[in-house]
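Visitor: Mind looking over this structure? Questions follow.
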Amino acid sequence: MNERLWELYEQLCMVEMVPLDEFVRRVKSGELGDFPTEDMVSFLREVEANVLQNIQVKTQEHQRYAEMADEVSADTQKMFDELIEELRRS
């Protein structure tokens, strides 16, 4: 995992609330530094794993979350797959 990418993600997405797709565009453009595509892909897969794990934790908190977990997980995986596909095309 690229620590610099993680630091940028924490600052921009978690503190400043920049949407993930905008963060990826900014990294891809070179605005935030030069990162190899495969470092970005690994980073995004790590973030995806964290999000999917959080979805599973939520299922234990309330029945309504459990009912939605499969759909939300599928939508999340699709979003990350699309971000990675877009990243690799550029």
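Visitor: Note the angle between two axes, namely the Cα long axis of helix 63-89 and the longest principal axis of the Cα atoms of the chain, as a number of degrees from 0 to 90, rounded to the nearest 10.
Guide: 20 degrees
Visitor: Nearest 10 degrees, 0 to 90: what angle lies between the long axis of helix 37-59 and the longest principal axis of the chain (Cα atoms)?
Guide: It is inclined by approximately 20 degrees.
Visitor: Restricting to DSSP loop positions (anything but H, G, I, E, B) with no more than 12 other Cβ atoms inside 10 Å of their own Cβ, which GluC sites (Glu not before Pro) remain in the chain?
Guide: Working: sites: 3, 7, 10, 16, 22, 31, 38, 46, 48, 61, 67, 71, 82, 85, 86; in loops: 16, 31, 61.
Answer in residue order: 16, 31, 61.
Visitor: Out of every Cα pair in the chain, what percent are spaced more than 15 Å from each other?
Guide: Working: 2465 of 4005 pairs.
The share of Cα pairs beyond 15 Å in the chain comes to 62 percent.
Visitor: Given charges of +1 on the Cβ of Lys and Arg and -1 on the Cβ of Asp and Glu, with all other atoms neutral, how large is the dipole of the chain about its Cα centre, in debye to the nearest 20? Provide the component values of the computation, followed by the final result.
Guide: On the way: 10 positive and 21 negative charges, 11 e Å.
Computed charge dipole of the chain: roughly 60 debye.
Visitor: At 222 nm, what value in deg cm²/dmol follows for the chain if DSSP H runs of at least 4 each add -39500 (n - 2.57) and the sum is divided by all its residues, to the nearest 500?
Guide: Computed mean residue ellipticity for the chain: -25000 deg cm²/dmol.
No lab work stands behind these numbers, since they all come straight from the coordinates. All values derive from a computational prediction rather than experimental measurement. Positions of Cβ are backbone-derived with ideal geometry, glycine not excepted, and every protein chain shown enters the neighbour counts.
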